[in-house]
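Read-outs: derived from the displayed coordinates by stated rules, not from any lab. As the structure is a prediction and not an experimental result, all values here were calculated from the model. Note that each Cβ is placed from the backbone with ideal geometry, even for glycine, and that neighbours are counted across all protein chains shown.
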Amino acid sequence: MSITRRNFLRNAAGGTAAAAACATLASMPAEARESNKVPDKAIGLLYDSTLCIGCKACMSGCKEANELPLEDTIGEKLWDTPLELSGKTYTVIKVYQHGTMENKDKAENGFAHIKRQCLHCVDPSCVSACPVSAMLKRPEDGVVTYNKDACIGCRYCVAACPFGVPQFQYDTPTPQIAKCQLCKHRLAEGKIPACAQQCPTGATLFGTYPALSAEIERRKALKPGEAALYPRRTVDSGDNHEKPAPEYVEHVYGQKDAGGTQVRYLAGVPFDKLALPVGLPDRSYAADSETLQHTLYGGLILPGVALAGLVAAAWKGSKDHHDDDDFDMFDHPEGGKTHG
Ligand code: SF4
Ligand code: SF4
Ligand code: SF4
């Protein structure tokens, strides 16, 4: 008698007493885990694409502050030229281009910049997926940190991030996960993140979450074309420059996307053109996946189904044992057998 996967699952779902118990458990209502909330002392960044001039001072500031090597993608060995986030690059400025590219921050015949980095999600999937808590969200300020000493290199965080942020360092003998940690070492010294420090226009702005929320509201309320002041480095630096208010798209990226993020974006071009995923749910993926896990494991449904399968298999195996001594737990792809 041979027990294949199909037999195993059929037995598990069949009329055994254990499977019946599982079905009862399955009908129990799942206790849904809500998306986590923004921490009380949350900090973050506001990136305003309409202020960005594409100078990439943020990128070189990030490299220097985090002691990251240069990345040569054009073979000149002169410049740091990353095209995307990588094991050597925590932030990158990309550009949208269309048609004649004469209109800044317009989709039609226009161009616009976008800054890629970790968004420091309010309820991060990378933290939820990490089996050893190498990825952690600091409860006080919400910075999402990475502990290389705890990391086992499973790359679950890479797969789980909806924004494609964490990068595995494939080209080193001691690979780590590379991602922005909001310059936590600079924060510990009372400094602001290097990218906000270096940005000459205030396109990358550091502040508390509420202060950045107020700044977003202020900018959204401006009449396009009217003169407006824009702070550099921090919301309350007092170092302002004046420029006509742009026409923003309605969407404030990161306000609600995938449960919200502590790095938020304003832009004049729809975000689907700016290399950011759109149409994400307001509820975090971490809340969904943990609700499912708790339903399956907390309600003992998955272990129960497995147990039912084992019980059924054992019962059937013992019944058939007298007729046939050949007992295989699983089929092997190459047609081999495992004897129990
Ligand atoms: S953007 Fe990705 S890596 Fe950053 S906190 Fe969110 S899930 Fe984690
Ligand atoms: S906060 Fe620091 S690590 Fe993150 S992108 Fe800015 S400079 Fe780089
Ligand atoms: S430093 Fe500021 S203006 Fe320059 S590319 Fe970075 S975000 Fe844009």
1/(1 + (r/R0)^6) with r = Cβ-Cβ of R218 and V278, R0 = 30 Å, i.e. FRET efficiency to nearest 0.05, evaluates to 0.80
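About the Cα centre of region 192-279, what is the dipole size in debye to 20, counting +1 per Lys and Arg Cβ and -1 per Asp and Glu Cβ, all else neutral?
On the way: 10 positive and 10 negative charges, 13 e Å.
Here region 192-279 has a charge dipole of around 60 debye.
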Whether region 164-208 is rounded, prolate or oblate, judged on the alpha carbon gyration tensor where a/c under 1.5 counts as rounded: prolate
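At a Förster distance of 45 Å, what's the computed FRET efficiency of N147 paired with N103, Cβ-Cβ distance as r, to 0.05? Kindly include the intermediate steps, with their values, before the conclusion.
Details: r = 45 Å, r/R0 = 1.00.
Efficiency, rounded to the nearest 0.05: 0.50.
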What per residue convex hull volume, in Å³, comes out for region 120-251 when only alpha-carbon positions are used? 142 Å³
Lysines whose Cα lies under 28 Å from that of K63, excluding same-chain neighbours fewer than 8 positions away: K41, K77, K88, K94, K104, K115, K137, K148, K179, K184, K191, K273
Would any residue of region 131-172 have its amide N under 14 Å from a label point 7 Å out along Cα→Cβ of T73? List them or say none. none
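Below 8 Å, C-alpha to C-alpha, sequence gap of six or more: please give me the relative contact order for region 205-283 in percent. Before the final figure, lay out the partial values.
Working: 106 pairs, mean separation 18.2, N = 79.
Across region 205-283, relative contact order equals 23 percent.
How large is the Kirkwood hydrodynamic radius of region 62-174, in angstrom, based on all distinct alpha carbon pairs?
Values: mean 1/r = 0.0618 Å⁻¹.
About 16.2 Å, per the Kirkwood formula over Cα pairs.
Taking the highest mean first, how do the peptides 109-115, 260-266 order by number of other beta carbon atoms within 10 angstrom per residue?
Numbers: 109-115: 20.4, 260-266: 23.1.
The most tightly packed comes first, giving 260-266, 109-115.
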Pairs of Cα atoms under 8 Å, at least six residues apart: use those to get the relative contact order of region 61-202, whole percent. 20 percent
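Around V132, under 12 Å between beta carbons, what's the net of Lys plus Arg minus Asp minus Glu among the other residues? Provide the component values of the computation, followed by the final result.
On the way: positive: K148; negative: D149.
Overall, the nearby charge balance is 0.
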